[in-house]
Amino acid sequence: MSGRGSRITDEEINELVSKLQSLLPESRRRNTGRVSASKLLKETCSYIKSLHREVDDLSDRLSGLMVTMDSNSPQAEIIRSLLRS
Amino acid sequence: MQATKSFEQAFLKQMLLGIQLSAVSHGSGSLQERKSAIKLSADVAMAVARGSKKWTRGLIASLSKEEHNRSFLQFVLGKEFERPAKICHSSWKIPRSKNIVRRSLRFLSKRKSNIRAPNSSVLAGTLVEKRTQVLKRLVPGGQSMDAFSLLDETLDYATCLRAQVDVMQKLMTTLEASKHRADSDAQRPKEKFHLLAMVGSWYSTRKGLRKRLSKRPKLTL
């Protein structure tokens, strides 16, 4: 944002909004018309919440996988090789 | 918008290092403790891999509020963590914020009748205002952002979150596959090589990470 000056153009807002729109999973089905601000915000919030839930779930499952990992296990070897490469 | 490959690489490396540091893999601690440690590693890794954005600083700040996270953050971030946070003189942002919210609404909304209001009181209590507040709570550091920054940071944050999910998913698939492989001799290199390819050009970032961690005793997995 620095160096932009105090004026943010309509184009910049336009671009930001359409990028946000295309990020959302449901946007592919929708035709490319303008979506309302409230709908965009609602879907963005839903999307971020669902991503948070996925990270939480994956952390859960990864912790279950790693409990059985001693230094000789294949999982440990994979992690070491990922870090070495 | 997609996160770059170099971001995914840096994220994976940083997360695995973090997991090693927190000794999750040693099997000690409860399931809940291990899960929290993995989640912490993942979030710190995401912020570190992304670099300096408002949301990354906000994320580190909110993580450091919890006492039990501090030693991990200190270890991983080193000097950067000790540096006092910049005081944000945000008083100048407020007039600009009203203007930008008006213009964003003008662009987005099909109903134009409520745009002409000279002050922001018409926005208070509206659906847009309420949902903006929700978004501000979801995006780290969002509370102090003006409307444009919020949208900009949201875009960046959501992109990184998506990548975080994708990489963690791939890691899990790889580890699960190796677990099944342990029972038989059948080789399933596909997932592992996919991950390895992703971190292939990591050499340039490894020096930086190693330098930061070089003074600390090495933990063996």
Quiz item: Which of A:Cys45, B:Cys160 comes first, and how do the rest follow, when ranked by fewest Cβ neighbours within 10 Å?
Solution: A:Cys45, B:Cys160
Quiz item: Considering every residue in A:14-25, what mean count of other chain Cβ atoms within 10 Å of its Cβ is obtained?
Solution: 3
Quiz item: Averaged over B:10-20, how many beta carbons belonging to a partner chain fall within 10 Å of each residue's beta carbon?
Solution: 2
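For the cross-link pairs B:Lys39/B:Lys136; A:Lys39/B:Lys136; B:Lys13/B:Lys39; A:Lys42/B:Lys130; B:Lys35/B:Lys136; B:Lys53/B:Lys136, which exceed 18 Å when the distance is taken from alpha carbon to alpha carbon? Show your work: numbers first, answer last.
Working: B:Lys39/B:Lys136 21 Å; A:Lys39/B:Lys136 16 Å; B:Lys13/B:Lys39 15 Å; A:Lys42/B:Lys130 10 Å; B:Lys35/B:Lys136 26 Å; B:Lys53/B:Lys136 15 Å.
Listed pairs above 18 Å: B:Lys39/B:Lys136; B:Lys35/B:Lys136.
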Quiz item: So how do B:Lys5, B:Lys170 line up by other beta-carbon neighbours within 10 Å, fewest first?
Solution: B:Lys5, B:Lys170
Quiz item: Which length gain, in nm to one decimal place, applies between A:Glu26 and A:Ser81 when the Cα-Cα distance is subtracted from 0.36 nm times their residue separation?
Solution: 16.0 nm
Quiz item: In peptide A:47-56, how many Cβ atoms from other protein chains are near each Cβ within 10 Å, on average?
Solution: 5
Self-check item: Computed lengthening from B:Lys130 to B:Gln32, 0.36 nm per intervening residue step minus Cα-Cα distance
Solution: 31.9 nm
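Given a Förster distance of 25 Å, report the FRET efficiency between B:Ser71 and B:Thr4 from their Cβ-Cβ distance, rounded to the nearest 0.05.
0.20
Each value in this text was obtained by applying a stated rule to the coordinates, not by laboratory testing. Source: prediction; values computed, not measured. Virtual Cβ from ideal backbone geometry, glycine too; neighbours counted across all protein chains shown.
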